[in-house]
Amino acid sequence: MLQNALADAGYPRHVMVACSGGPDSLALAAVASYFARRGHVDGHPVTVGAAVVDHQLQDGSAAIAARTAKTLQELGLSPVEVRTVTVAGAGMGPEAAAREARHAALEAAATEQGAEAVLLGHTLDDQAEQVLLGLARGSGTRSLAGMRPTRGKLLRPFLGLRRADTEEICAVEELDPWHDPTNADPAFARSRTRVEVLPHLEEKLGPGVAESLARTAAILQLDADYLEDVAESTFASLVERDDGGLSLPEEALRALAPAIRFRVIAKAAADVGGQQPSYQRLLAAEALLRRQGSAGPVELPGGVSAYRLSLAQLEESKGNPGPAAIGGGSSVPRERARCGKLVFRPQKPPAK
């Protein structure tokens with residue numbers, strides 16, 4: 001699996017294993033060490049380093065990180081470094097904050113090592129848990145598609161392995177992995193999914209549930225990629241820009257299939273500095289297309305206002321700012337106005 005992942009990535013000359021000391025990432029480090037000792041993959045030169053991130057969230061975390069680093073060095077990985085981070089959870093949950101701090105640390109370590117790829121030890125079980133959590137949140141295609149085998153520099157070669165397989169690798173290699181107690185802590189939704197929900201589904205529905213969920217993610221990744229490509233090209237063909245904002249012609253938006261229309265609206269919001277809107281916010285913005293006359297604004301995450309300008313108002317404005325009641329800003333020039341517009345603008349910060 002790792003050999004295929006490195007081949008698909010173009011045979012990077014230096015790769016870095018992200019290792020927590022747990023069975024999944026330690027097993028991945030053990031497999032990677034085989035190629036480190038050989039010095040090549042399919043005849044292409046390769047070196048393998050590693051990074052251990054200490055989140056400082058548990059007593060003794062520094063000792064665990066140091067022990068893990070020593071094990072990685074004994075496996076023959078070089079360089080091996082420990083990155084200590086401070087998890088600041090302002091505005092996000094503890095899991096998301098830890099993930100953000102970890103990714104930042106791994107990115108910095110990869111840059112310093114000159115790593116062209118970062119290996120992550122996520123397994124098929126992790127993928128199944130991700131899909132279940134997405135279902136529980138009522139997420140869309142992109143979220144249900146789970147984790148990608150490849151995302152930029154990040155490679156997940158073990159997404160086809162069960163967690164039991166990584167534990168067996170550690171046993172065969174006589175490695176003593178660290179078992180993170182938070183993985184069984186019911187305070188975390190992912191932990192409950194891991195130790196309660198997925199085993200219950202396997203018991204009641206029969207074996208193979210995890211594999212089926214992972215297969216669902218793989219299928220949805222193909223669907224999500226296709227829809228993303230169509231939405232991107234559609235947005236590029238429709239967008240009309242002016243000072244500080246953009247607009248989309250409502251007739252063209254109405255003609256789109258809903259799956260593409262919602263994605264185009266989300267792209268418009270992101271283009272002017274917004275964040276991914278929830279489904280409810282997308283519904284509210286899309287509903288402007290069914291209003292008569294000028295309407296709005298609808299507030300979207302990240303400080304973006306969406307509103308509708310009618311054809312009559314666009315023709316009357318001749319480039320003058322729109323009504324203050326719906327957010328203002330320069331309109332589309334009259335000669336381009338053949339229908340109403342859905343307009344997206346960043347909200348102005350409050351005057352100090």
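The values are calculated or read from the model by the stated rules, or taken from the named source; none is laboratory data. Predicted model only: the values in this text are computed from it and were never measured. As a convention, Cβ positions derive from the backbone with ideal geometry for all residues, glycine included, and neighbour counts pool all protein chains shown. Protein only, heavy atoms only, side chains kept; ligands, DNA and RNA dropped before computing areas. Shrake-Rupley method; radii C 1.70, N 1.55, O 1.52, S 1.80 Å.
When we screen ALA88, ALA104, ALA50, ALA5 for residues that are open to solvent by less than 30 Å² (accessible area, probe 1.4 Å) and under 21 Å from the mean Cα position of the chain (by Cα), the only hit is ALA5.
Among the residues here, ALA257 does not qualify as at pLDDT 95 or above and in contact with a strand residue (DSSP E or B) (Cβ under 8 Å, 6 or more places away or on another chain).
The residue that is farthest from LEU155 (Cα to Cα), among those in region 41-85 that are in contact with a His (Cβ under 7 Å, 6 or more places away or on another chain) and among the polar types (S, T, N, Q), is SER61. On the phi < 0 side of the Ramachandran plot, assigned to a helix (DSSP H, G or I), in contact (Cβ under 8 Å) with a residue 40 or more places away in the chain and open to solvent by 60 Å² or more (accessible area, probe 1.4 Å): does that describe GLU299? Criteria not met by GLU299. Scanning region 58-75 finds one or more residues that are outside any strand (DSSP E or B), at pLDDT 95 or above, surrounded by fewer than 16 Cβ atoms within 10 Å (Cβ to Cβ) and of a type in the set (S, T, N, Q).
Within region 197-216, count every residue that is open to solvent by 30 Å² or more (accessible area, probe 1.4 Å) and part of a helix (DSSP H, G or I).
Count: 12.
The set of residues in region 32-57 that are in a strand (DSSP E or B) and either in contact with a strand residue (DSSP E or B) (Cβ under 6 Å, 6 or more places away or on another chain) or among the acidic types (Asp, Glu) (or both) comprises THR47, VAL48, GLY49, ALA50, ALA51, VAL52, VAL53, ASP54. Residue count for region 217-271, restricted to those that are outside any helix (DSSP H, G or I) and either within 19 Å of the chain's Cα centre (by Cα) or hydrophobic (A, V, I, L, M, F, W, C) (or both): 5.
Considering every residue within region 15-31, establish whether at least one is part of a strand (DSSP E or B), over 15 Å from PRO177 (Cβ atoms), in contact with a Ser or Thr (Cβ under 9 Å, 6 or more places away or on another chain) and not polar (S, T, N, Q). For region 15-31, residues part of a strand (DSSP E or B), over 15 Å from PRO177 (Cβ atoms), in contact with a Ser or Thr (Cβ under 9 Å, 6 or more places away or on another chain) and not polar (S, T, N, Q): present. For ALA189, the conditions (1) at pLDDT 95 or above; (2) buried (at least 16 other Cβ atoms within 10 Å of the Cβ) are fulfilled apart from (1). Scanning region 236-265 for residues that are farther than 12 Å from LYS341 by Cβ, of a type outside the set (Lys, Arg) and open to solvent by 10 Å² or more (accessible area, probe 1.4 Å) yields a count of 11. Exactly one of (1) over 20 Å from GLY138 (Cβ atoms); (2) in a helix (DSSP H, G or I) is unmet by ALA284. Its number? If we test ALA284 against (1) over 20 Å from GLY138 (Cβ atoms); (2) in a helix (DSSP H, G or I), just (1) comes out false.
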